[in-house]
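Report on the following structure.
The values are calculated or read from the model by the stated rules, or taken from the named source; none is laboratory data. Every value quoted in this text rests on a predicted model; they were computed, and no experiment measured them. Note that we place each Cβ from the backbone using ideal geometry, even for glycine, and neighbour counts take in every protein chain shown. Areas reflect the complete protein model, heavy atoms only, side chains present, ligands, DNA and RNA absent. Shrake-Rupley method; radii C 1.70, N 1.55, O 1.52, S 1.80 Å.
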Amino acid sequence: MDWTIFFTSFGAIFLAELADKTEIAVLSLTAKTKSPWSVFCGAMFAFAVATLLAVLLGELVAKAVPIHILRYISAGIFILIGVLTLIGKL
């Protein structure tokens with residue numbers, strides 16, 4: 001295992017997910033159900049499945065599309081999401 005990649009991905013995902021809508025949903029669900037371990041296990045499994053799908057899709061896309069093109073596409077998607085958020089369409 002490449003520990004540099006492990007800690008880079010951990011840090012990036014941890015910071016990106018901290019206090020986002022998923023965390024707020026988990027907090028709300030835990031407060032509502034008062035069953036923290038069930039919510040934790042369900043959320044972890046859901047995140048693991050979503051991450052697995054992203055990794056598998058990323059592996060397929062990386063084989064078909066050069067990395068410099070992927071960077072432009074990713075940047076464009078983030079910019080589009082930002083603009084849509086600013087104008088209230090998202």
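Solvent-accessible area per residue in the chain equals 87 Å², computed with a 1.4 angstrom probe and all protein chains kept.
Placing +1 on the Cβ of every Lys and Arg and -1 on the Cβ of every Asp and Glu, with no other charges, gives the chain a dipole of roughly 260 debye about its Cα centre. Estimated from helical segments only, the mean residue ellipticity of the chain at 222 nm is -29500 deg cm²/dmol, where each DSSP H run of four or more residues counts as -39500 (n - 2.57).
Surface composition of the stretch 3-74: carbon and sulfur make up 78 percent of the accessible area, probe 1.4 Å.
What helices does the chain hold that run 20 Å or longer along their axis, going by alpha-carbon atoms, with a Kyte-Doolittle average of 0.5 or more, using DSSP H for the helix calls?
Working: long enough: 3-17 (21 Å, 1.37); 36-64 (42 Å, 1.69); 67-86 (28 Å, 1.98).
Helices meeting the span and hydropathy rule in the chain are 3-17, 36-64, 67-86.
With viscosity 0.692 mPa s and temperature 37 °C, the Kirkwood radius over alpha carbon pairs of the chain converts through Stokes-Einstein to a diffusion coefficient of 207 µm²/s.
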